[in-house]
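All remarks here apply to the structure that follows.
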Amino acid sequence: MKRKKQIFLWIMLEKEKYNNPGNWLDEALKTEPGFSLPENFADRVAMQAMRRFAWGQYFREFLVYLVALFGIVLLSAGMSFIWLGANWKDWLQFITDNIALFAGLNFLGIFILFTDRVLLRYFFYKFSNHSAV
């Protein structure tokens with residue numbers, strides 16, 4: 001195996017065009033590639049990158065809204081405990097008695113927020129850009 005490498009290197013050094021790196025570049029730029037890309041390849045790659053960027057941006061915005069709403073709820077609950085003297089045992093009992101209602105309302109609220117902030121905007125963006133191309 002080592003002998004084959006030595007022969008290959010010797011042949012490469014014998015040819016003048018391989019001694020100069022500038023010749024390598026010229027030869028690489030002059031030869032045709034062994035494959036061909038579709039005519040609209042750059043447009044398709046750009047559209048896919050924009051779609052991924054838009055999806056990520058919409059999802060991050062949804063998370064910001066979700067954290068803000070969660071923070072408002074925590075702040076309101078904290079204010080009621082501290083300033084209004086609410087009893088946390090009464091609140092806990094009320095929530096556990098109505099757990100299905102609270103879970104359903106939370107799920108519905110998160111679903112509506114996700115649909116409004118992510119899905120609708122993404123599909124409108126996708127439809128508007130798809131019909132323009």
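Only the coordinates and a few stated rules stand behind these numbers; no lab work does. Since we're looking at a predicted model, the values are computed, not measured. Virtual Cβ from ideal backbone geometry, glycine too; neighbours counted across all protein chains shown.
Annotation for the range 44-85 versus the range 87-119: alpha-carbon center distance of 16 Å. Couplings 3J(HN,Hα) for the range 94-105, derived from phi with the Karplus relation 6.51 cos²θ - 1.76 cosθ + 1.60 (θ = phi - 60°), are 5, 5, 5, 5, 10, 4, 5, 5, 5, 5, x, 5 Hz, where x marks Gly and Pro.
Every Cα-Cα pair of the range 27-105 was included, and the share exceeding 14 Å stands at 80 percent.
Working note: Karplus 6.51/-1.76/1.60 with θ = phi - 60° gives the range 107-117 the couplings 4, 4, x, 5, 5, 5, 5, 5, 5, 6, 7 Hz, where Gly and Pro are set to x.
A full extension of the chain between I72 and F41 corresponds to an added length of 6.5 nm, given 0.36 nm per residue minus the alpha carbon distance. Remark on A86: its backbone amide H falls under 5 Å from those of F81, a criterion applied only to residues 5 or more positions apart or on other chains, H modelled at 1.01 Å from N.
For the range 50-92, backbone nitrogen atoms closer than 17 Å to the point 7 Å from Y125 Cα along Cα-to-C-beta are found at 50-66.
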